[in-house]
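Only the coordinates and a few stated rules stand behind these numbers; no lab work does. For clarity, every value in this text was computed on a predicted model and none was experimentally measured. Neighbour counts are summed over all protein chains in view; Cβ atoms, including those assigned to glycine, are modelled from backbone coordinates with ideal geometry.
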Amino acid sequence: MPGKPLAVVLDLPAAPSDPTPLQYIAVAVDPWPGAVTVWRSGSGASFTPSRILDLPAVIGRTLTILPPGPLRRWDPTTVLDVEISSGAVSSIEDEAALAGGNLFAVRGGDGRWEILSAARAEMIGERRYRLSRFLRGLAGSEPEAARTVPAGALVVRLDEAVVPLTTSLQDLGQTWRYRIGPSGRDHADASVVEIAATAGRDAYRPMSPVHVTARREEGGIRIAWIRRTRRDGDGWEAAEVPLAEDAERYETDILRDGVVLRTLASAESALLYPTAQEAADFGAPQSALSLRIAQMSTIAGRGFERSVTVPID
């Protein structure tokens, strides 16, 4: 007889597929009953089947601390021990990790997920593995790579068993109740577990800009950056990555001691901070600027922010 399922809803910051999943669900049951049905209800009074899962997800807990890690390069020193619900994890070649293999999501104390790839996996006990040689902060989860995640954190392997829970924009901000249990049984069966989840906007939030520069010119300071894209941005042939938004728009906060002095809007990945505004904000020419830059989305509003202090050339 299968036990109650362990069901995890994941709000991931980047979704490359179309239509864009707002949330994902991962379900593990011991033993796996062959298939699991997910029922959904808005009020909790009546439930309708939403989807059927054919594969068990690999869900576990961290056994050691996950310290902060570097971005856009290998993390050769961090080691993370995990205990998983079922299945096996094996090492892969570096090229396979760079292509998106052995992906895991780790949830911190703030409830947010860091996506990372582990090229090395060593079995150290029953259902226990030592993961290493990481690529950290993938798919828009760069801020989460700066955290320290304590032992006991939830970890989910991101493979074909982790499936979209909803893709409808009508579900944004809505809280739904889900019942998950073995297929062929009623949603009120004793083997069914109930959870609630609210669909957020992270999957539609533009990724933070990179390579911010500031250069003084006639009339003010030219602030520029390079935008990124939520999808189809891995190719090297295109002159520029796809926009993936209805229109190109940005907001740039000018900061002093963490306080926003003014917010500038632009329709391209650069803007002029006029000399008159600099004088009004600071009283004198500056040698560096503290900035917070975000690309805008029609659906999600302000995207993930890039906070940086840049020297003025």
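How are the alpha carbon pair distances in the stretch 210-311 distributed across 5 Å bins from zero to the largest one, expressed in percent?
All Cα pairs, binned at 5 Å, distribute as 2, 12, 22, 24, 16, 11, 7, 4, 1, 0 percent.
Taking the Cα atoms of the stretch 59-157, what is the range of coordinates along each of the three principal axes, in descending order and whole Å?
Extents along the principal axes, in whole Å: 33, 31, 20.
Can you tell me the relative contact order of the stretch 93-154? Whole percent, Cα pairs under 8 Å, sequence separation 6 or more.
That works out to 32 percent.
Mind listing the long-range amide H neighbours of Asn102? Cut-off is under 5 Å, sequence gap 5 or more, other chains count too, H placed in the peptide plane at 1.01 Å from N.
none
How big is the equivalent ellipsoid of the stretch 141-195 along its three axes, where each semi-axis is √(5λ) from the Cα gyration tensor, reported in whole Å from largest to smallest?
Working: eigenvalues 160, 66, 31 Å².
So the equivalent ellipsoid measures 28, 18, 13 Å along its semi-axes.
Which order results if Glu95, Glu278 are arranged by neighbouring Cβ count within 10 Å, fewest first?
Glu95, Glu278
Can you tell me the relative contact order of the chain? Whole percent, Cα pairs under 8 Å, sequence separation 6 or more.
Taking the mean separation of contacting Cα pairs over the length of the chain, I get 19 percent.
Tell me the Rg and the Dmax, in Å, that the Cα atoms of the stretch 1-116 produce.
Radius of gyration, then largest Cα-Cα span, for the stretch 1-116: 16.6, 51 Å.
Convex hull over the alpha-carbon atoms of the chain: what's its volume per residue in Å³? Display every interim value, and only then the final one.
Details: hull volume 48.3 nm³, N = 313.
Dividing the Cα hull volume of the chain by its residues yields 154 Å³.
Name the residue, out of Thr166, Thr263, Thr64, whose mean-square fluctuation peaks in a Gaussian network model built on the chain with Cα pairs under 10 Å.
Thr263
Percent antiparallel among DSSP beta bridges with both residues in the stretch 155-257, to the nearest 5?
For the stretch 155-257, the DSSP antiparallel bridge percentage is about 90.
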